[in-house]
1. Looking at the range 50-58, is at least one residue open to solvent by 60 Å² or more (accessible area, probe 1.4 Å), under 12 Å from the mean Cα position of the chain (by Cα) and within 14 Å of residue 20 (Cα to Cα)?
2. Is at least one residue of the range 12-32 among the polar types (S, T, N, Q), more than 21 Å from residue 126 (Cα to Cα), assigned to a helix (DSSP H, G or I) and open to solvent by less than 60 Å² (accessible area, probe 1.4 Å)?
3. Test of understanding: among 63, 77, 81, 72, which residue is touching a residue at least 12 places away in the same chain (Cβ under 8 Å), loosely packed, with under 15 Cβ neighbours inside 10 Å, not in a loop (DSSP other than H, G, I, E, B) and not acidic (Asp, Glu)?
4. Hey, residue 61 hits all of (1) under 15 Å from the mean Cα position of the chain (by Cα); (2) over 22 Å from residue 21 (Cα atoms); (3) of a type in the set (Asp, Glu) but one; which does it fall short on?
5. Go through 75, 54, 80, 130 for me and flag whichever is charged (D, E, K, R), at pLDDT below 95, under 19 Å from residue 26 (Cβ atoms) and out of contact with any strand residue (DSSP E or B) (no Cβ under 8 Å at 6 or more places or on another chain).
6. When you look at residue 103, is it assigned to a helix (DSSP H, G or I) and at pLDDT below 95, yes or no?
7. Taking the range 33-48, which residues are charged (D, E, K, R) and either in a loop (DSSP other than H, G, I, E, B) or modelled with pLDDT under 85 (or both)?
Amino acid sequence: MTTDTPDRLAQGYGVAARLFGNSPVIPQFETPGEVAEDWTQFSISTVLGEVWSRPELELPERAAIAIAALTALNRPAQLRAYILGALSLGVSREHICEVIFQIAVYAGFPAAIDAFSVAKAVFDEVDAARAS
């Protein structure tokens, strides 16, 4: 595993292209302009370049794990992004729903209810984007 930031950044952008490149809707996060470029490079190189580039898990597995964790943490904006990414990677809607269903036992029903609302909104948004 490399610690060279330019290499990690390039790896991260490669993963981002696979994770979000096929999505008709691109996730957006708001960041203050003063740190936007630095934050983007840091988060892409760390999350996608370092962690998501490890060889032990396939990207669809990582997406399912991210969906489970973000459901448990009740992070709807990030959950939305990783549901979009999972769909882009070919993870079925049914599989995404089963991940949320499973995590309800561990993270609680309110977390799952909120996550299902996010999933439905994402599915509807993707359907609308594809229809237009």
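1. No, that holds for no residue.
2. no
3. Being touching a residue at least 12 places away in the same chain (Cβ under 8 Å), loosely packed, with under 15 Cβ neighbours inside 10 Å, not in a loop (DSSP other than H, G, I, E, B) and not acidic (Asp, Glu) holds for just one of 63, 77, 81, 72, which is 77.
4. The one condition residue 61 does not meet is (2).
5. 130
6. So residue 103 does not fit the description; no.
7. Of everything in the range 33-48, just one residue is charged (D, E, K, R) and either in a loop (DSSP other than H, G, I, E, B) or modelled with pLDDT under 85 (or both), namely 34.
Quick grid of which residues meet (1) out of contact with any Gly (no Cβ under 6 Å at 6 or more places or on another chain); (2) within 27 Å of residue 129 (Cβ to Cβ); (3) aromatic (Phe, Trp, Tyr):
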site	(1), (2), (3)
11	no, no, no
16	yes, yes, no
19	no, yes, no
23	yes, yes, no
28	yes, yes, no
42	yes, no, yes
47	yes, yes, no
51	yes, no, no
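The values are calculated or read from the model by the stated rules, or taken from the named source; none is laboratory data. Note that the structure is predicted; figures quoted are calculated from it, not measured. Neighbour counts run over all protein chains shown; Cβ positions are idealised from the backbone, glycine included. Just so you know, the surface numbers come from the protein's heavy atoms only, side chains and all, with ligands and any DNA or RNA stripped out. Shrake-Rupley method; radii C 1.70, N 1.55, O 1.52, S 1.80 Å.
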